[in-house]
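Encoded as structure tokens, the structure appears first; notes follow it.
The values are calculated or read from the model by the stated rules, or taken from the named source; none is laboratory data. Nothing here was measured: the structure is a model prediction, and the numbers come from that model. Quick reminder, even Gly has a Cβ in these numbers, built from the backbone with ideal geometry, and neighbours come from all protein chains shown.
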Amino acid sequence: MLGRLSTLVVLLAIVLVLLGAPFFLRSAFPLYYGEVISAIAEHYDLDPFLLAAMIQVESGFRPEAVSPKGARGLMQIMPETANWLGKHSAQSIPVDDLFDPKTNIGLGAYYLTYLLERFPTLYAALAAYNAGPTNARRWLDERIWDGSYERTGQIPYGETRSYVRKVIMMKNLYTLLYN
């Protein structure tokens, strides 16, 4: 009887831990700016969990983030890229606006949509977002990388290999936790 009782207690403890896991994981991986992300993702027909994953990997949801190379805000937009996106969309984007979450997420989503239209896979578009479209295009054209997730190990830049893998991992995690 005692053996069955202890087994039952252990099973009950495991069930309680599993039921509580999403709560603890949501605490460890919060989803900030959810309404802004959802609205912008819907506008650009993007997966909101993909945008959230990119933001997590790019800036850890810190709108004031500035990279050593000068990328700014949640989605780490370079001022030159913002300038190009502004010209492409017939608007002026002051550099300080890159710290505004709505502006930054909107520009990042617009740029990602642009890249998705020009690259054969999501993974190639993510590589282009991180390493620049010229590098990603060269890797594909020279058959250094085929653009697949399974062969991300072929991406020449370690940072970009890691970036693509982290974004996909975080997208899957956010989908699991918040869908």
Pair list, Cβ < 6 Å and 6+ apart or interchain, from segment 70-93 residues that are loosely packed, with under 14 Cβ neighbours inside 10 Å to residues that are in a helix (DSSP H, G or I): SER92/GLY86
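Do the conditions hold for LEU12, that is, is it part of a helix (DSSP H, G or I) and either under 19 Å from LYS166 (Cβ atoms) or modelled with pLDDT under 90 (or both)?
yes
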Among the residues of segment 135-154, are any farther than 19 Å from ILE40 by Cβ, surrounded by fewer than 15 Cβ atoms within 10 Å (Cβ to Cβ), β-branched (Val, Ile, Thr) and more than 15 Å from the chain's Cα centre (by Cα)? yes
Cβ-Cβ under 6 Å pairs, at least 6 apart or on other chains, segment 27-53 side over 15 Å from ASN104 (Cα atoms) and in contact (Cβ under 8 Å) with a residue 60 or more places away in the chain, far side aromatic (Phe, Trp, Tyr) and part of a helix (DSSP H, G or I): LEU31/TYR178; PHE49/TYR174
So for segment 45-55 (the condition being assigned by TED's automatic domain parsing to the domain that holds LYS171, at pLDDT below 95 and crowded, with 19+ Cβ neighbours inside 10 Å), does at least one residue qualify? no
